[in-house]
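See below for the structure under consideration.
The values are calculated or read from the model by the stated rules, or taken from the named source; none is laboratory data. Just so we're clear, the structure is a prediction, and the values are computed from it rather than from any experiment. In this analysis, Cβ positions are derived from the backbone assuming ideal geometry, glycine residues included, and neighbour counts consider all displayed protein chains. Heads up: the accessible areas ignore ligands, DNA and RNA and are worked out on the full protein's heavy atoms, side chains in. Shrake-Rupley method; radii C 1.70, N 1.55, O 1.52, S 1.80 Å.
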Amino acid sequence: LLFGISPLDNIIWSFLYAYFVVAFYEHFFDEDKYKGKISKNFKHWINIASFFMGLFFVFYLVDKKLLVIGYLYSILIFLFFVVPIVIICWNSPSLIKKISSQGAYFSFLFLIFELIAVYLGHWEFPKANLIGWVELFGIGFAFEELIWLILGAPAAICWYELIADDEK
């Protein structure tokens, strides 16, 4: 466990998930594949991410109870998935088709992975602080996880467009 909070493989999986989605997007959907520059926004996003990581470590060192937030999964999905998707779709409507088609593909792919992982007991969802419960094929998991499966790939693409690409 990293800091007694999260298994290290969850962090590795999250990075590889985002990397896979963005690499797929860049290869199959992004027209300007041969650009040499990273967006000027990148350094600002690195500073913001560093600030929040630092804030997390301060809270962790001062009092771990400061990190216990009810319905955190729902809050994080809204902040890190819904908000960037709305921003990109509002500012660059031409991306909606690319984002939604890739989102549909990855939602299906990762739903299969989710069902197998929950069935095999790789992870479980305590029913406290969840907004709902979904059961598919006799396998139950958090409603928030279903939203994550649907919005995860589109959000990764939107973050990529906001941070490192050209929003086109």
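Annotations
- Condition met for Val58 (free of Cβ contacts under 8 Å to residues at least 60 places away in the same chain, aliphatic (A, V, I, L, M) and closer than 21 Å to Ser14 by Cβ): no
- Search result, residues across segment 59-75 that are assigned to a helix (DSSP H, G or I) and surrounded by 11 or more Cβ atoms within 10 Å (Cβ to Cβ): Phe59, Tyr60, Lys64, Leu66, Leu67, Leu72, Tyr73, Ser74, Ile75
- Residues that are of a type in the set (D, E, K, R) and closer than 19 Å to Ala153 by Cβ, drawn from segment 90-139: Lys97, Lys98, Glu114
- Annotation note: of Phe80, Phe42, Phe56, Phe110, the sole residue that is of a type in the set (A, V, I, L, M, F, W, C), under 17 Å from Val22 (Cα atoms) and more than 17 Å from the chain's Cα centre (by Cα) is Phe42.
Residue-by-condition table, conditions (1) at pLDDT 90 or above; (2) open to solvent by 70 Å² or more (accessible area, probe 1.4 Å); (3) closer than 17 Å to Ser14 by Cβ:
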residue: Trp123; (1), (2), (3): no, yes, yes
residue: Val134; (1), (2), (3): yes, no, no
residue: Gly152; (1), (2), (3): yes, no, yes
residue: Asp166; (1), (2), (3): no, no, no
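- When Ala128 is tested against (1) within 17 Å of the chain's Cα centre (by Cα); (2) modelled with pLDDT under 90, only condition (1) is not met.
- The listed residue being in contact (Cβ under 8 Å) with a residue 12 or more places away in the chain, part of a helix (DSSP H, G or I) and either of a type outside the set (D, E, K, R) or out of contact with any helix residue (DSSP H, G or I) (no Cβ under 9 Å at 6 or more places or on another chain) (or both), out of Trp148, Trp90: Trp148
- Search result, residues across segment 118-140 that are assigned to a strand (DSSP E or B) and touching a helix residue (DSSP H, G or I) at 6+ places or on another chain (Cβ under 7 Å): Trp133, Val134, Leu136, Ile139
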